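To start, the structure itself, in structure tokens.
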Amino acid sequence: MIAYDLKCGNNHVFEGWFDNLEAFEDQKEKGLVSCPVCDDARIERLPSTFAIRSAASSPKSSLPVTDAQDPRNQMEWFGKQVANYIEKNFDDVGCNFAQEALKIHYGAAEPRNIRGSSSDEEEKVLRKEGIKFLKFPVPAPPDRDDA
């Protein structure tokens, strides 16, 4: 399953879960996707925030950031929120990520959200099998002095 951020013609934003993009497009075309707020069927898919990357060559500032409105602080906060959500809502399968993902993909294990680590070779196998996954760098835990 894949979750898409969706928006209706009345600008209500909501999430929809589909087997894949083709299933979303098919259901949308048949008028089976509608807004849970106003029942509008004029639905469009929004770009996912997880798919937006900054330039790899962006310079890193060594200046201290103290303003809460600074985009660097906001991105750090957002990254920590996402990492916290993943930690609480995904089963940690450790270094068995690829094996568990394959089991889920082929129905040998119950579908669930998983997190863990995998090697470059394991990731090649997952891609070859058509398994989509997201690599997310987990922020370092805060220093004890900061807590």
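The values are calculated or read from the model by the stated rules, or taken from the named source; none is laboratory data. All figures in this text were calculated on a predicted structure; none of them were measured in a lab. For neighbour counting, all protein chains shown are included, and Cβ atoms are generated from backbone atoms with ideal geometry for every residue, glycine included. Calculation scope for accessible area: heavy atoms of the full protein, side chains included, ligands and nucleic acids excluded. Shrake-Rupley method; radii C 1.70, N 1.55, O 1.52, S 1.80 Å.
Just a few scattered comments:
- Qualifying residue in region 26-33 (condition: touching a strand residue (DSSP E or B) at 6+ places or on another chain (Cβ under 7 Å) and modelled with pLDDT under 90): no
- Pairs with Cβ under 7 Å, 6+ apart, first in region 124-135 and assigned to a loop (DSSP other than H, G, I, E, B), second open to solvent by 70 Å² or more (accessible area, probe 1.4 Å): E129/H105; I131/H105; L134/F50
Yes/no matrix, rows are residues, columns are (1) surrounded by fewer than 10 Cβ atoms within 10 Å (Cβ to Cβ); (2) more than 22 Å from the chain's Cα centre (by Cα); (3) modelled with pLDDT of 90 or more; (4) under 23 Å from I2 (Cβ atoms):
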{"site": "R42", "(1), (2), (3), (4)": "no, yes, yes, yes"}
{"site": "F50", "(1), (2), (3), (4)": "no, no, no, yes"}
{"site": "P59", "(1), (2), (3), (4)": "yes, yes, no, no"}
{"site": "D67", "(1), (2), (3), (4)": "yes, yes, no, no"}
